[in-house]
Amino acid sequence: MRSLSTAIILMLLIAFLLSAPTSFSQVASKPYNENQDIRADLNKAIEMAKKENKHVLVQFGGNWCPWCIRFHQMAFGAKAIDSLLKADYIYMLLLVSQDKKKRDYDLFREFGYPNRFGYPVFVVLNGDGKQLHIQDSGILEHCQAKGYDTTKVVTFLKMWSPMAVNPATYQK
């Protein structure tokens, strides 16, 4: 009887583990909007950030970039990161066309050429649209596994949160 109970629990656990990632990866397999109006979406994100006293975390990348998709999946799959994003950021995916002829090079110039780091690359903006930081995603990768290091990402998000960059936070 005990072995039957163990077998049933094991089968249920395996079924749960196999079904959860499949449904999650189906939802997030193409997170970038291929028909995105980049400038309009960016302006909306900045307006929301100002209204909600948050920053904008812009993730430059595309559905053609496996590391971009990995980060996006982790952002919503790791509770510590998801909660920081919801509390302090308007998180937006900014599509970079795989076709280099269709890329908005003026936007890259406006943001200090974040594309020099490859993809994904992150730009943190305040509620006025002022650029605060460019983050190379390679620094956030896990050194022993293929993926991002949750601790490094949490640290990055905390260091560029509205409270962290507010001088009043550090006054007596």
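The values are calculated or read from the model by the stated rules, or taken from the named source; none is laboratory data. Quick caveat, the model's predicted, so the values are computed rather than measured. No Cβ is skipped: glycine too gets one built from the backbone with ideal geometry, and neighbour counts run over all protein chains shown.
Here are the numbers for the structure shown:
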| quantity | calculated |
| --- | --- |
| Residue in the range 102-110 that is under 14 Å from the mean Cα position of the chain (by Cα) and part of a helix (DSSP H, G or I) present | no |
| Selected residue (criterion: surrounded by the fewest Cβ atoms within 10 Å (Cβ to Cβ)) from residues of the range 51-65 that are of a type outside the set (Gly, Ala, Ser) and part of a loop (DSSP other than H, G, I, E, B) | 53 |
| Lone qualifier among 89, 119 - being under 21 Å from residue 67 (Cα atoms), in the same structural domain as residue 45 (by TED's automatic domain parsing), in contact with a His (Cβ under 6 Å, 6 or more places away or on another chain) and in contact (Cβ under 8 Å) with a residue 40 or more places away in the chain | 89 |
| Residue count for the range 122-161, restricted to those that are more than 22 Å from residue 65 (Cβ to Cβ), without any contact (Cβ under 8 Å) to a residue 12 or more places away in the chain and small (Gly, Ala, Ser) | 0 |
| Residues (of a type in the set (D, E, K, R) and closer than 21 Å to residue 87 by Cα) located in the range 142-166 | 149, 152, 158 |
| Unmet criterion (only one of (1) modelled with pLDDT of 95 or more; (2) closer than 23 Å to residue 114 by Cα; (3) of a type outside the set (D, E, K, R)) for residue 53 | (2) |
| Condition met for residue 73 (buried (at least 16 other Cβ atoms within 10 Å of the Cβ), part of a helix (DSSP H, G or I) and within 9 Å of the chain's Cα centre (by Cα)) | yes |
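Residue-wise test of (1) modelled with pLDDT of 95 or more; (2) assigned to a helix (DSSP H, G or I); (3) under 22 Å from residue 162 (Cβ atoms); (4) not charged (D, E, K, R).
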{"site": "116", "(1), (2), (3), (4)": "yes, yes, no, no"}
{"site": "128", "(1), (2), (3), (4)": "yes, no, yes, no"}
{"site": "132", "(1), (2), (3), (4)": "yes, no, yes, yes"}
{"site": "145", "(1), (2), (3), (4)": "no, no, no, yes"}
